[in-house]
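S.K.: Okay, handing you the structure first.
The values are calculated or read from the model by the stated rules, or taken from the named source; none is laboratory data. Because the structure is predicted, anything quoted here is derived from the model rather than measured. Cβ: placed from backbone, ideal geometry, glycine included. Neighbour counts: every protein chain shown.
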Amino acid sequence: MENYLEIETAVKRVLSSFRHDLAGVLDGRLSVGEYRVLSLIESGITKTSDLAKKLDVSASHITSLTDALVAMNYITRQRSETDRRIIQLSLTKEAKLFVQKSNKEKRELMIKRFSVFSESEQAEFKRLLKKLSDDI
């Protein structure tokens, strides 16, 4: 693959820019990992084991992230009424508002970033990213 270095450089540049944009949205309040956990909890993934699988990290890493989020009053832990071994995570009101605001800002940034593509280019880019992602 002759263009490997060029593709690698472009991918790194784009990902770095996205991380920088997201850090700006988070305004130093949370790490990207903490934000991802909040977003997944908001989407309905409420068990630490499911979060670890979704993010492809260890359960101990999720415990560390959720400990920090509990300390910041962004999430609460509750034992399941049907199975006491299971601990359910939920967002506090403050966290829900923060995630909603951050998601809105992130969406606006993504729209701006991808406005360089026509609608057909966006569809093709999405198709190619999905193809690459499915192969990982």
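S.K.: Counting just the residues of segment 82-129 that are within 22 Å of A59 (Cβ to Cβ) and without any contact (Cβ under 8 Å) to a residue 24 or more places away in the chain, which one comes out nearest to the chain's Cα centre (by Cα)? Give the derivation first.
M.R.: Of the residues in segment 82-129, the ones within 22 Å of A59 (Cβ to Cβ) are 82-91, 95.
When the remaining residues are screened for being without any contact (Cβ under 8 Å) to a residue 24 or more places away in the chain, the result is 82-85.
Working: T82: 29, D83: 28, R84: 28, R85: 27 Å.
Going through the qualifying residues, I end up with R85.
S.K.: If you take the residues of segment 100-122 that are more than 12 Å from Y35 (Cβ to Cβ) and of a type in the set (S, T, N, Q), which of them is surrounded by the most Cβ atoms within 10 Å (Cβ to Cβ)?
M.R.: Here the answer is Q122.
S.K.: Specify the residue that is surrounded by the most Cβ atoms within 10 Å (Cβ to Cβ); the eligible residues are those in segment 24-38 that are out of contact with any Ser or Thr (no Cβ under 8 Å at 6 or more places or on another chain) and assigned to a helix (DSSP H, G or I).
M.R.: Here is the first cut: in segment 24-38, the residues out of contact with any Ser or Thr (no Cβ under 8 Å at 6 or more places or on another chain) are 24, 27-34, 36, 38.
In the following step, the residues that additionally are assigned to a helix (DSSP H, G or I) were identified as 24, 32-34, 36, 38.
On the way: G24: 12, V32: 13, G33: 15, E34: 19, R36: 17, L38: 25.
This residue is L38.
S.K.: Can you name the residue in segment 1-23 that is assigned to a helix (DSSP H, G or I) and of a type in the set (S, T, N, Q) and is also surrounded by the most Cβ atoms within 10 Å (Cβ to Cβ) among such residues? Break it down stepwise before answering.
M.R.: Here is the first cut: in segment 1-23, the residues assigned to a helix (DSSP H, G or I) are 4-23.
Retained after the next criterion (residues that are of a type in the set (S, T, N, Q)): 9, 16-17.
Details: T9: 10, S16: 10, S17: 12.
Ranking the qualifying residues of segment 1-23, first place goes to S17.
S.K.: Then there is this: Does S133 meet the test of being surrounded by fewer than 10 Cβ atoms within 10 Å (Cβ to Cβ) and either over 22 Å from S43 (Cβ atoms) or among the hydrophobic types (A, V, I, L, M, F, W, C) (or both)?
M.R.: Details: surrounded by fewer than 10 Cβ atoms within 10 Å (Cβ to Cβ): yes; either over 22 Å from S43 (Cβ atoms) or among the hydrophobic types (A, V, I, L, M, F, W, C) (or both): no.
Judged against the criteria, S133 is not a match.
S.K.: Then there is this: Quick one: in segment 87-99, of everything that is out of contact with any Leu (no Cβ under 7 Å at 6 or more places or on another chain) and not charged (D, E, K, R), which residue is surrounded by the most Cβ atoms within 10 Å (Cβ to Cβ)? So that I can check it myself, show each step before the final result.
M.R.: Within segment 87-99, the first condition is being out of contact with any Leu (no Cβ under 7 Å at 6 or more places or on another chain), and the residues that meet it are 87-90, 92-94, 96-98.
Remaining after also requiring not charged (D, E, K, R): 87-90, 92, 97-98.
Values: I87: 15, Q88: 14, L89: 22, S90: 13, T92: 16, L97: 11, F98: 19.
If we take residues in segment 87-99 being out of contact with any Leu (no Cβ under 7 Å at 6 or more places or on another chain) and not charged (D, E, K, R), then L89 is surrounded by the most Cβ atoms within 10 Å (Cβ to Cβ).
S.K.: Tell me, yes or no, whether segment 76-96 has at least one residue that is closer than 15 Å to E42 by Cα, of a type in the set (V, I, T) and assigned to a strand (DSSP E or B).
M.R.: yes
S.K.: Given the residues L69, L109, which is the only one that is in a helix (DSSP H, G or I), modelled with pLDDT of 95 or more and on the phi < 0 side of the Ramachandran plot?
M.R.: Numbers: L109 fails: modelled with pLDDT of 95 or more.
Unique residue meeting the criteria: L69.
S.K.: Could you please find all residues in segment 1-50 being more than 30 Å from N73 (Cβ to Cβ) and either of a type in the set (F, W, Y) or in contact with a Phe, Trp or Tyr (Cβ under 7 Å, 6 or more places away or on another chain) (or both)?
M.R.: Quick first cut of segment 1-50, residues more than 30 Å from N73 (Cβ to Cβ) only: 1-17.
Answer for segment 1-50, where residues must be more than 30 Å from N73 (Cβ to Cβ) and either of a type in the set (F, W, Y) or in contact with a Phe, Trp or Tyr (Cβ under 7 Å, 6 or more places away or on another chain) (or both): just Y4.
S.K.: Do you know which residues across segment 39-63 are charged (D, E, K, R) and either within 15 Å of L89 (Cα to Cα) or in a helix (DSSP H, G or I) (or both)? Walk me through it before giving the result.
M.R.: So the first thing to find is which residues in segment 39-63 are charged (D, E, K, R), and the list is 42, 47, 50, 53-54, 56.
Correct list: E42, K47, D50, K53, K54.
S.K.: Go through segment 57-74 residue by residue and tally those that are surrounded by fewer than 21 Cβ atoms within 10 Å (Cβ to Cβ) and touching a Phe, Trp or Tyr at 6+ places or on another chain (Cβ under 9 Å).
M.R.: So the answer is 1.
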